[in-house]
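> Got a structure here, written out as structure tokens. Questions coming.
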Amino acid sequence: MNAVKNNAMRNILAVIVLLALGLLASCGGGTSAMADLDGAAEQAAAPVVDIEAPVEEIADVNSEVSNAADIVADSEAIPDAAEGDIERGTSGVWYVATAGADYVNGVDMLFQLWTDGMGNYKFVLKATNNSASTKLLIYDKDRHYQFSISQNGQLKKVLRDNKIAWFPEFRGLAPYQTIEYTRLWDGRDSHGNKLYGIVDVEARHVSSSHPSTMKAIAWMNGQ
């Protein structure tokens, strides 16, 4: 009986020894696996992020933004081409309410009706020689220009200049030169009533050599 117990104990000890050896072997493999993981971790951490490059890029972006701001500031200082139809005077901002154009015998004709929106108006008539040769303007009537305003087919107002001399007048228009006639108007008809609504505007260059009649419509605000 004792012999059987001793054999059993020896067998148990042998099993324990084998288990211990197996455990040691498995621990060695685990160390190798951990080493592999540590190597992979080192490789993953190997790239070094250069924080200087983004800083430089940000500086470049800031510089571009600053330059863009300077460009915007400069562009605001330069009048836009469309502002040719805007004037700033003592009575406020004037703008073109309506306009017309014509071309007669080598001369460009332009008329404009300006207003400040507060009941003040100004007629402008321009004759420009856009050629390389002098043009001769002949006025054989008692006026150089005439502006008229009609509404619903009825003539409401006529504005014109009166020449001092009744005999023909000759004016030389040099190359690329412009002559201009202007006339202020208070927006009232011949009876002193303020006009309101849509009106027909006519501008005439009263010249026998370069006659021109230009028409347009305008809105009167009744002020």
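> Suppose we filter region 98-129 for residues that are farther than 13 Å from His210 by Cβ and not aliphatic (A, V, I, L, M); how many remain?
Total meeting the criteria: 13.
> Hey, among Gly106, Gly117, which residue is more than 24 Å from Pro168 (Cα to Cα) and not polar (S, T, N, Q)?
After applying the criteria, what remains is Gly117.
> Hey, another quick one. What residue, among those in region 186-196 that are out of contact with any Ser or Thr (no Cβ under 9 Å at 6 or more places or on another chain) and not hydroxyl-bearing (Ser, Thr, Tyr), is surrounded by the most Cβ atoms within 10 Å (Cβ to Cβ)? Please lay out each step first, then the result.
Residues of region 186-196 out of contact with any Ser or Thr (no Cβ under 9 Å at 6 or more places or on another chain): 186, 188-196.
Cutting the leftovers down to not hydroxyl-bearing (Ser, Thr, Tyr) gives us 186, 188-189, 191-195.
Numbers: Asp186: 10, Arg188: 15, Asp189: 15, His191: 7, Gly192: 7, Asn193: 11, Lys194: 13, Leu195: 20.
Going through the qualifying residues, I end up with Leu195.
> Hey, does region 136-148 have a residue that's more than 20 Å from Ser212 (Cα to Cα), out of contact with any His (no Cβ under 8 Å at 6 or more places or on another chain) and not acidic (Asp, Glu)?
no
A short reminder: the numbers here are calculations on the coordinates, not readings from a lab. Treat the numbers as computed from the prediction; the structure is a model and nothing was measured. Please note: Cβ atoms are built from the backbone with ideal geometry, for glycine as well, and neighbour counts cover all protein chains shown.
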